[in-house]
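Since the structure comes first, as structure tokens, the remarks are kept for the end.
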Amino acid sequence: MDINSRIAEISDRIKQAALAASRSADSITLVAVSKVQPEDRIEDALTAGLRVFGENRVQEAQGRWATRRAIYPDLKLHLIGPLQSNKVEDAMALFDVIETVDRPKLVETLAKLAGAGNKLPKLLVQVNTGEEEQKAGVAPRDLPALLNLCAAHGLPIEGLMCIPPENEEPAMHFALLAKLAQRHGLGVLSMGMSGDFEAAIKFGATHVRVGSALFGTRVSPA
């Protein structure tokens, strides 16, 4: 299938999942995960009308999107990969949403740079719902302290993001993230990927991050 057919199929699946959950499909944003995808696929996606994209790495995203901003002023870029402290200023300049706030040092760096006049993107906290040692994100038990730190530094947090463990049922993680968001009065839930976004919608996802189902098999860098 070409990109237009894939977009149509995924859009229909989102609508059906929203209908089953008694929700409006308009309340769900499709984030096209463009990390490690060839330029021709990105251009096809833009031509097809996609404008919300997710990237894992700041440097790769700079090379891909910096010049396209002038061509597509309605672009919305989400950082969905771990953010190193030395890349924060670049990330703030490029991205509209940083979904991966996950530790005190990052909070402090964001606050310091925002206080110095840097543009502050919308912010989500990444929760490591599976408490996997190798994965970024704050543990659920540590979320209240991190949110309090964000508030103390004047950083508005709009919602939560998670990436469930590959070998576990994702629904339980989506349910946990939704519960945490409700407990803390947060309205944005970024959860669900190509293989499980319909389940995420059932549990209240407002943003679903879809890569391979849109673009085809990911292409690894040489």
If each residue of separation counts as 0.36 nm, what is the full-extension length gain between residue 5 and residue 122 once their alpha-carbon separation is subtracted?
39.0 nm
dims of the chain, Cα set, principal axes, largest to smallest, nearest Å -> 48, 40, 32
Fraction of the pair-distance distribution of the stretch 159-222 above 13 Å, Cα-Cα pairs, percent:
60
Mean 1/r over distinct Cα pairs of the stretch 15-100, inverted to a Kirkwood Rh in Å, yields 13.9
Given a 1.4 Å probe, how much area per residue of the stretch 67-164 is accessible, in Å²?
46
What accessible area, in Å² to the nearest ten, does a 1.4 Å probe give for residue 40?
100
Among 154, 54, 192, residue whose mean-square fluctuation peaks in a GNM of the chain (springs only between Cα atoms under 10 Å):
154
For the pair residue 40 and residue 184, the simple spin-label estimate (label points 7 Å beyond Cα toward Cβ) gives in nm 4.3
Accessible area per residue, 1.4 Å probe, Å², for the stretch 169-222: what's the number?
46
Solvent accessible area, Å² - residue 67, 1.4 Å probe, full protein context
110
Would you check the accessible area of residue 83, probe 1.4 Å, heavy atoms only, in square angstrom rounded to 10?
10
For the stretch 148-214, state which GluC sites (Glu not before Pro) are in a DSSP loop and have at most 12 other beta carbons lying within 10 Å of their beta carbon.
166, 168
Apportionment of accessible area to carbon and sulfur, the chain, percent (1.4 Å)
50
For the chain, what is the calculated [θ] at 222 nm in deg cm²/dmol (nearest 500), taking -39500 (n - 2.57) for each run of four or more DSSP H residues and dividing by its residue count?
-12000 deg cm²/dmol
Can you tell me what percent of all Cα-Cα pairs in the stretch 89-213 are more than 16 Å apart?
60
Count the lysine pairs in the stretch 65-184 whose Cα atoms sit under 25 Å apart, keeping only pairs 8 or more residues apart in sequence or on different chains.
16
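The values are calculated or read from the model by the stated rules, or taken from the named source; none is laboratory data. Everything numeric here is computed off the predicted structure, so don't read it as measured data. In this analysis, Cβ positions are derived from the backbone assuming ideal geometry, glycine residues included, and neighbour counts consider all displayed protein chains. Remember, those area values only see protein heavy atoms, side chains included, never the ligands or the DNA or RNA. Shrake-Rupley method; radii C 1.70, N 1.55, O 1.52, S 1.80 Å.
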